[in-house]
Amino acid sequence: MTTAPAPRPRRAALLRAALAPAALAFSLVLVPLPAANAAGQAAPPAPTEAGPLRIHDIQGTTRVSPQAGKPVTGVPGIVTGVRAYGGVKGFWLQDPNPDDNPATSEGIFVYTGGNPTVQVGDSVLVSGKVTEYYPNYSGGSQSITELTGPAVTVLSAGNPLPAPVVLDTRNIPGRYAPPAGPDGSIDAGQLNPEKYALDFYESLEGMLVQVKDVRVIQATDKYNELWVAADRQDQRSKRGGVLYESYREPNVGRLMVQQQAPAAQQPFPVANVGDELTGTTTGPLDYNQFGGYTLVAGTLGAHKDNHLQREVTAQPGERELTIATYNVENLAATNPDAKFAELARGIVTNLRSPDIVALEEIQDDNGAKNDGTVGAGRTVAKFLDAIKAAGGPAYDWRSVDPQDGKDGGEPGGNIRQVFLFNPQRVSFTDIPGGSATTAVGVTGTGTAAALTASPGRIEPADEAWTNSRKPLVGQFAFRGQKVFVIANHFNSKGGDQGIDSRFQAPTRGSEVQRIKQATVEQAFVAKLLTADEQAKVVSLGDFNDYQFSPALAALTKGGVLRDLVDELPETEQYSYVYQGNSQVLDHILVSPALGRATYDVVHINAEFAQQASDHDPQVVRLKP
């Protein structure tokens, strides 16, 4: 039985989100290695001759080394890459004399703890301990086979490096993950690199690999990382990404790219989706908890800017009601004016000032300061001023303040949904009685059907909403027609196992709560439609789940709502990009009475290195 390693020594406060981009050219691992692997482990004697084992003997034909936990002496190889800064210092070692077994890697990472004294091209002998390091053991990450507590002897310098393995459509298998063993894990399975993509990458762990003329499928982030498509057969989006279309198709050719040099020393390309790295990008193949298999580049291809443009939705007609949703990513009054201005431009210019906007992640007035504040009047007022300054309308707004600390999100932030509406175009029907803990109901029948509170919250005491945002529902009127709008922000995917997990199929534990939330909301919509089968209902927001997910199936059960993303061309079905996959997390759904609906995901954020939010907004045009 494999057990989790003890912590690798590191400052406890060293959180990934707090690191300056220039200080990080790779994803830091937050679950550290044993202290014995660093200064606390007695170093073996410096080797003077090659020992009996080679790197392929240490790597073996499974994910876990047959030598795990054992000391090894005099392992020979050429240094192919050096990581001399950050929290995971060391170097990559590769044997220039491979065996004839494609399942055994010829490369390995040597964790030094301190600054490595070797250079690329050195021929060395290494003694140390074989360690299986899980970057996120409890989260299901795969392991990295390492040599720790090393003693190193440099035999010569300036040696040629082994030829890199070129990764492309010709050798990346079309199937992603191998079947798991009885324990649900793929750790002990024999690698089949010709059949499964995860086995293929594992068989190259620590080795030099190369991609040529590759398309960027996830923009550069603040940690100086981007994603490329090494396999041209993955389903391409309209604007150059790759689409996540089902749990069975995670897209086999996605690779994260980092670089070995610090960004302060060698600037990392600032690329958007659809840009290219032309020429060759070469480096050791690593693994990290934030991206799975990762090419840590010693040499980067040239950045080709393909000039991706931010979209602007079509101009609505005078008689069309426009309703939008926008996750504004923890917007608080304490945020810089520039963030408000950029978000406001998205509302006014790119969405063309919709009649109603449902906002998600509006924080309370002092943001993450955890002092009991729950009101968001200053935050919303600052945003409304920014919208007017951008040339937009004088929006009014409605919301319900949450109970302090009860709706999840950033501690102290008290995120909630907020309705903005243009009173020159629509009116809000204020019905008293809504509160953080009061459940909104339905009264009356036929055209007299109405909410018992507007704005109100759907079943806020139901356990489905524990530590999660409760749906906000409001009653509007447009040209004499009653419209019910539900603003949503379902619970996040936090804690789910990654698609590259050692457990296959990965567990989606957070999905259980979203199914419950969808079931509660579906029942509320069904109640509205029972009262008035012609009720015009729009449910929208950040549902944190895919169009093919069980949660969306539960929400649309019985045909009470239809998901408009399904009516877009397949290549346009995405609102978010994660681990190189363009995917759907945000939705607009409508009831049967709203037969004609023109829906648009307006791509202004998710594909760009410079973002106002990590989500793309959406808008629907209706004729109620």
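The values are calculated or read from the model by the stated rules, or taken from the named source; none is laboratory data. All values reported here derive from a predicted model rather than from experimental measurement. Please note: Cβ atoms are built from the backbone with ideal geometry, for glycine as well, and neighbour counts cover all protein chains shown. Side chains are part of the model used for accessible areas, which takes the heavy atoms of the whole protein and leaves out ligands, DNA and RNA. Shrake-Rupley method; radii C 1.70, N 1.55, O 1.52, S 1.80 Å.
Structure values in brief
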{"quantity": "Hits in the range 307-322 - residues which are in a strand (DSSP E or B) and either under 11 Å from residue 352 (Cα atoms) or open to solvent by 30 Å² or more (accessible area, probe 1.4 Å) (or both)", "calculated": "322"}
{"quantity": "Residue selected from the range 172-203 under the condition under 25 Å from the mean Cα position of the chain (by Cα) and aliphatic (A, V, I, L, M), by the criterion farthest from residue 141 (Cα to Cα)", "calculated": "172"}
{"quantity": "Filter result (polar (S, T, N, Q), open to solvent by 10 Å² or more (accessible area, probe 1.4 Å) and under 23 Å from the mean Cα position of the chain (by Cα)) within the range 468-513", "calculated": "491, 492, 497, 504, 507, 510, 513"}
{"quantity": "Filter result (open to solvent by 10 Å² or more (accessible area, probe 1.4 Å) and either in a loop (DSSP other than H, G, I, E, B) or not hydroxyl-bearing (Ser, Thr, Tyr) (or both)) within the range 586-602", "calculated": "592, 593, 595, 596, 597, 600"}
{"quantity": "Failed item, numbered, when residue 544 is tested on (1) surrounded by fewer than 20 Cβ atoms within 10 Å (Cβ to Cβ); (2) outside any strand (DSSP E or B)", "calculated": "(1)"}
{"quantity": "Given (1) assigned to a strand (DSSP E or B); (2) closer than 21 Å to residue 424 by Cβ, index of the condition residue 344 fails", "calculated": "(1)"}
{"quantity": "Every residue from the range 563-579 that is more than 22 Å from residue 251 (Cα to Cα) and crowded, with 16+ Cβ neighbours inside 10 Å", "calculated": "563, 564"}
{"quantity": "Matching entry among 346, 317 (being at pLDDT 95 or above and under 14 Å from residue 618 (Cα atoms))", "calculated": "346"}
{"quantity": "Residue match in the range 279-290 (condition: aliphatic (A, V, I, L, M), open to solvent by less than 10 Å² (accessible area, probe 1.4 Å) and not in a loop (DSSP other than H, G, I, E, B))", "calculated": "yes"}
{"quantity": "Close pairs from the range 449-466: first in contact (Cβ under 8 Å) with a residue 40 or more places away in the chain and surrounded by 16 or more Cβ atoms within 10 Å (Cβ to Cβ), partner outside any helix (DSSP H, G or I) and aromatic (Phe, Trp, Tyr), Cβ under 7 Å, at least 6 apart", "calculated": "455/419"}
{"quantity": "Residue match in the range 390-404 (condition: in a strand (DSSP E or B) and aliphatic (A, V, I, L, M))", "calculated": "no"}
{"quantity": "Odd one out for residue 151 among (1) open to solvent by less than 50 Å² (accessible area, probe 1.4 Å); (2) under 18 Å from residue 119 (Cα atoms); (3) in contact with a Gly (Cβ under 6 Å, 6 or more places away or on another chain)", "calculated": "(3)"}
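Conditions (1) in contact with a Leu (Cβ under 8 Å, 6 or more places away or on another chain); (2) among the hydrophobic types (A, V, I, L, M, F, W, C); (3) closer than 25 Å to residue 263 by Cα; (4) not in a loop (DSSP other than H, G, I, E, B), marked per residue:
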| site | (1), (2), (3), (4) |
| --- | --- |
| 154 | no, yes, no, yes |
| 169 | no, no, no, no |
| 194 | no, no, no, no |
| 223 | yes, no, yes, no |
